[in-house]
1. Can ARG225 be described as farther than 30 Å from GLY75 by Cβ, in contact with a Pro (Cβ under 8 Å, 6 or more places away or on another chain), buried (at least 19 other Cβ atoms within 10 Å of the Cβ) and not β-branched (Val, Ile, Thr)?
2. Give me the residue from segment 150-174 that is out of contact with any Lys or Arg (no Cβ under 9 Å at 6 or more places or on another chain), in a loop (DSSP other than H, G, I, E, B) and touching a residue at least 40 places away in the same chain (Cβ under 8 Å) and, out of that set, farthest from TYR114 (Cα to Cα).
3. Of all residues in segment 253-273, which are of a type in the set (S, T, N, Q), under 24 Å from the mean Cα position of the chain (by Cα) and part of a helix (DSSP H, G or I)?
4. Please go through segment 52-83 and pick out each residue that is outside any loop (DSSP other than H, G, I, E, B), surrounded by 23 or more Cβ atoms within 10 Å (Cβ to Cβ) and of a type outside the set (Val, Ile, Thr).
5. From the list SER93, SER97, SER137, pick out the single residue that is under 19 Å from GLY173 (Cβ atoms), among the hydroxyl-bearing types (Ser, Thr, Tyr) and at pLDDT below 95.
6. Quick one: what pairs do we get from segment 178-191, first residue surrounded by fewer than 24 Cβ atoms within 10 Å (Cβ to Cβ), second aromatic (Phe, Trp, Tyr) and assigned to a loop (DSSP other than H, G, I, E, B), C-beta under 6 Å, 6+ apart or different chains?
7. Can you go through ALA224, ALA202, ALA228 and tell me which one is among the aliphatic types (A, V, I, L, M), at pLDDT below 95 and more than 24 Å from ALA165 (Cα to Cα)?
8. Return the pairs, sorted by first residue and then second, in which the second residue is of a type in the set (Lys, Arg), the first residue lies in segment 259-283 and is modelled with pLDDT of 95 or more, the beta carbons are less than 6 Å apart, and the residues are 6+ apart or on different chains.
Amino acid sequence: MGKHDDEIGHLLRRSHGVIRASSHPHLRAAVTSLVAQGVLVRPAPGLVAAASMLGQLETSLEIVREWQPDAVLLGRAAIAVDWCPELSCEEVSIAISGRPTRTVLGLRVFRAQYPGELVTERHGHLLLTPPAAALWSAARGDWDPLCTTLRRRGDVTPATLMRTAALAPRAEGPGWRAAAARARRNPWSVAEVDLHDFFRAARLIGWEGNPRMVLDGRVVFPDARFVASRTIVEVDSEQHHGGPVARIRDNERRNLFTSHGWKVLNLTPTEIATQPGRAIARIRQLLHQREMLPERPQERRAPAA
């Protein structure tokens, strides 16, 4: 162990695993040795970081703060820093105005500029606003941040997403608008995004996503509701419906709905993906005619999966 290792360790612990080498010239030789040993790495110009802490959110944020303090946090990183620290973020994405000159460890760097309406500041970082961060992720196929935002933030709605998408930079506009359109029925989970896509493909109309209902003094939000036929559709994903506690809760919900005259149909993501014909037939048996558009000829000829 080198004579400066304890000091370096103290500095790393105090600054989330990142130090600027030029601020500690007397440690230059020790830092070089630890880099050679793989204990330290050089994630960005002028910085060294503890290899064991690389990839941790706070370490990546410290790299951003030291390397590009004017960068804008995107997607999951923006949401985690702003209001949802428990949201997983394995890689921090940032936008900078200039062209990235090198790969930075722990970061995914984009060249982009966002209008001031889409950027806010939290804890010393610039970041996309909640609806903008959610759309940024969804446009790249990562829907959990958007669903989490809709489920947990009353100030973000499908209408908010549409207004935000209209402000997107030109290059990102089509992706943001497509994501906002796909989320227009208020999905609260990725499984519900697929369920709503499934409803549209099956030409079902007259339904609502996660409507607020008060039954016996209890507030509940069914995954989807068809009012004309008094039908509730629940999608039972493993993420939100797995385990004995969740099954007890789901049975209580079903009993509550049925006691108030609602029919309840439970589908699974697997059934929707692998047996769509069967799932469509099950739904159509329950619905009122005005909740269904006429089937296309090719749909009538197609056998159930």
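The values are calculated or read from the model by the stated rules, or taken from the named source; none is laboratory data. As the structure is a computational prediction, the values presented were derived from the model and not from experiment. Glycine gets a Cβ as well: all are built from the backbone with ideal geometry, and neighbour counts include every protein chain shown.
1. Yes; evaluated as a whole, the condition is true for this residue.
2. Restricting to residues being out of contact with any Lys or Arg (no Cβ under 9 Å at 6 or more places or on another chain), in a loop (DSSP other than H, G, I, E, B) and touching a residue at least 40 places away in the same chain (Cβ under 8 Å), the top hit is ARG153.
3. Filtering segment 253-273 down to residues of a type in the set (S, T, N, Q) leaves 255, 258-259, 266, 268, 270.
Imposing the further condition that a residue be under 24 Å from the mean Cα position of the chain (by Cα) reduces the set to 268, 270.
Hit for segment 253-273 is THR270, nothing else.
4. Passing the criteria: SER60, LEU61, LEU73, GLY75, ARG76, ALA77, ALA78.
5. Working: SER93 fails: at pLDDT below 95; SER137 fails: at pLDDT below 95.
From the options SER93, SER97, SER137, the qualifying one is SER97.
6. VAL190/TRP143
7. On the way: ALA224 fails: at pLDDT below 95; ALA228 fails: at pLDDT below 95.
Within the list ALA224, ALA202, ALA228, the selection yields ALA202.
8. GLY261/ARG230; TRP262/ARG230; VAL264/ARG254
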